[in-house]
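Asker: Starting off with a structure, shown below.
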Amino acid sequence: MRSISSPGFLPVLPATVAYRRIGWLFTIAWGAFIIFRRLLREGMWSDGLIYASIARNMAIGKGSFWSPVFAHSFYLPYNQTEVFYEHPPLQFYLQSWFFRFLGDSYATERIYCFVVILLIITLMVQLWWRMVPADHPLHRFEWLPVLILFTCRLTEWTYAQNYLDATMSLFCLLTVNYTIAGWQTPKRSLLKASGAVLALFAAFLTKGPVALHVLAVPGLLGLAYYWPVKIGPAFRWTFLLVGGFGLLLTLVLLYDPARLFLQSYFNQQVLAALSNKREVIPTTAGFFGRAFILKIVVINSAPALVLMGILWVLNRFGFKTKASVSPLSGMIRFYAALCLTSTLPIMATTKQFDYYVVPALPYLSLGLAAWIGPQLLTAIQAMKLSLRRLRVIRTVGGLACVTTVLYGIAIAGTPYHSYRAILSDVTKIGSIVSPGLQLGVCPEIMADPLLHGYMQRYHQLELTTLNTKPVFFLTNERCEPSRQLAQSGYQPMAVPLKRYSLYRRSTPVSPTKRQ
């Protein structure tokens, strides 16, 4: 590897403090901008609102670990009981402690999301250090996979939306980390295996069977990462993970409330999805439609692939140099295989959403960084940047971080543009309808997931039908049963709403009727 020792130039060493600091400065600036755009602003899609509502309810004593509660009303027809059987309860429980300590504000679930992304980044850095040899010139390029993560299209949306997939991804990464650490240090393998099993079970209790892709980690390590292949350790570690997980699951199923919940969850969610009795999206129908999830993987890889192409062209035709760094081939193969292992099983069902790829994003980023790293380092060497230029670049990176912080301060607490209308209406409705009451809506509105989420999350209000004769009733332009409302004693209220019209029942309410 070449080095430059002439005055005014920094020796071209890949792990120099200068390059590392510059890399982290621009990674933090870009990553904070991507995350802050949504995380610091008010407004969230219904799934995250529902999960936060369940956690808040659990914090105030409404519901429990094996009996999580959103509300009596729910916009999906699959959950017809007050107990929320749609997903395992671990994230709700963990987040409930954030509500206990931080209070019930819109910032609580955002802080939780921020903690999750910070922990994911920490684990990605640790995995990079574990799998890139300490004497390899790319060992201190741990910022590169983090930067690539922030170029993925899904990162901005999902990590700020309180999705279960992000928390599950955290525990899956912890399983991978413990498995590799135990593999590399046989004297501590039992302790690391225990941590891996506990993390795997936590991932399962967050999002269900989709977390079990990490059971393939030992086999992929033995077959893809190491050369020559290592079959014996792969079998031993697979046995430890499978056996430990099976033991924990058996013990949990001996507890009646846990068994009832998990049985209901599997019947209502997992088995129904596998038999295509859940949400069926037209774009996922048919043979090629099942490959929708792979399409999302490619889309999220696109920025990194473009960068790889640019670097290759620069090195091949611009600088006319070849990569002088030994490739991280085993690492590339391992994370490519793990990425496919976490996504291919989803093709078994037509219930596919783009955010199902979220657990694969760290694997994808680590693998792409291992592939791109040598080309990037070759380009850096060819540029022969002087100390002065490096200082200028580092200053620009620092200013970018400061600018991002100022941007975050400026937008913090403001409504995200696509949620302004409903946030305005929800705030006005919540100032009139007391918490704990039911808000009547027509059938068309009953299917609105955002209204369900915001009413429960911000004001602890449940939606109901006209048959229950609630005190307040909400309509919109798609359903305006004015005659029926008038006959039932409802009068329109002079509340300036953007999407809805609010009515109040003027006739006395029977004390036997639930409101």
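The values are calculated or read from the model by the stated rules, or taken from the named source; none is laboratory data. Note that the coordinates shown come from a computational prediction; the quantities given were computed from them, not determined experimentally. Neighbour counts run over all protein chains shown; Cβ positions are idealised from the backbone, glycine included.
Asker: Contact list please: Cβ distance under 7 Å, first residue in the stretch 261-276 and within 17 Å of ARG290 (Cα to Cα), second residue assigned to a helix (DSSP H, G or I) and of a type in the set (A, V, I, L, M, F, W, C), pairs at least six apart or on different chains.
Answerer: LEU274/ALA348
Asker: Scan the stretch 120-154 residue by residue and report those that are under 13 Å from the mean Cα position of the chain (by Cα) and either surrounded by fewer than 17 Cβ atoms within 10 Å (Cβ to Cβ) or among the charged types (D, E, K, R) (or both).
Answerer: Of all residues in the stretch 120-154, those under 13 Å from the mean Cα position of the chain (by Cα) come to 120-121, 149-150, 152-154.
Matches in the stretch 120-154: ARG153 only.
Asker: Residue pairs, Cβ under 9 Å, 6 or more apart or interchain, first in the stretch 442-458 and closer than 12 Å to ILE422 by Cα and surrounded by 22 or more Cβ atoms within 10 Å (Cβ to Cβ), second of a type in the set (Phe, Trp, Tyr) and modelled with pLDDT under 85. List them.
Answerer: LEU451/TYR75; HIS452/PHE74; HIS452/TYR75; GLY453/TYR75
Asker: Determine whether the stretch 343-365 contains at least one residue that is assigned by TED's automatic domain parsing to the domain that holds LYS207, modelled with pLDDT of 85 or more and not in a helix (DSSP H, G or I). Quick ask: steps written out before the conclusion?
Answerer: So in the stretch 343-365, the residues assigned by TED's automatic domain parsing to the domain that holds LYS207 come out as 343-365.
Retained after the next criterion (residues that are modelled with pLDDT of 85 or more): 343-345, 355-365.
Filter again for not in a helix (DSSP H, G or I), leaving none.
The answer is no; no qualifying residue exists.
Asker: Can you find, within the stretch 346-401, the residue that is nearest to LEU138 (Cα to Cα) among those that are surrounded by fewer than 18 Cβ atoms within 10 Å (Cβ to Cβ) and basic (Lys, Arg)?
Answerer: Top of the filtered list is LYS384.
Asker: OK, next. Based on what the data block shows, is SER418 touching a residue at least 60 places away in the same chain (Cβ under 8 Å) and small (Gly, Ala, Ser)?
Answerer: Here the answer is yes, as SER418 does meet what is asked.
Asker: Could you grab me the full set of residues in the stretch 419-438 that are hydrophobic (A, V, I, L, M, F, W, C) and either part of a loop (DSSP other than H, G, I, E, B) or within 21 Å of TYR51 (Cβ to Cβ) (or both)?
Answerer: Taking the stretch 419-438 as the starting set, the residues that turn out to be hydrophobic (A, V, I, L, M, F, W, C) are 421-423, 426, 429, 432-433, 437.
Result: ILE422, LEU423, VAL426, VAL433, LEU437.
Asker: Contact list please: Cβ distance under 7 Å, first residue in the stretch 377-406 and in the same structural domain as LEU311 (by TED's automatic domain parsing), second residue modelled with pLDDT under 85 and in a helix (DSSP H, G or I), pairs at least six apart or on different chains.
Answerer: LEU390/ALA18; ARG394/ALA18
Asker: Report the residue count in the stretch 459-472 for those that are surrounded by fewer than 14 Cβ atoms within 10 Å (Cβ to Cβ) and touching a residue at least 24 places away in the same chain (Cβ under 8 Å).
Answerer: Our first condition is that a residue be surrounded by fewer than 14 Cβ atoms within 10 Å (Cβ to Cβ); within the stretch 459-472, this holds for 467-468.
If we keep only those that are touching a residue at least 24 places away in the same chain (Cβ under 8 Å) as well, we get 468.
Result for the stretch 459-472: 1.
Asker: Same structure, new question: Within the stretch 315-334, which residues are modelled with pLDDT of 90 or more and part of a helix (DSSP H, G or I)?
Answerer: Residues of the stretch 315-334 modelled with pLDDT of 90 or more: 328-334.
Scanning the stretch 315-334 gives SER329, GLY330, MET331, ILE332, ARG333, PHE334.
Asker: May I pose another question? Can you name the residue in the stretch 193-234 that is at pLDDT below 95 and among the aromatic types (Phe, Trp, Tyr) and is also nearest to the chain's Cα centre (by Cα) among such residues?
Answerer: TYR225
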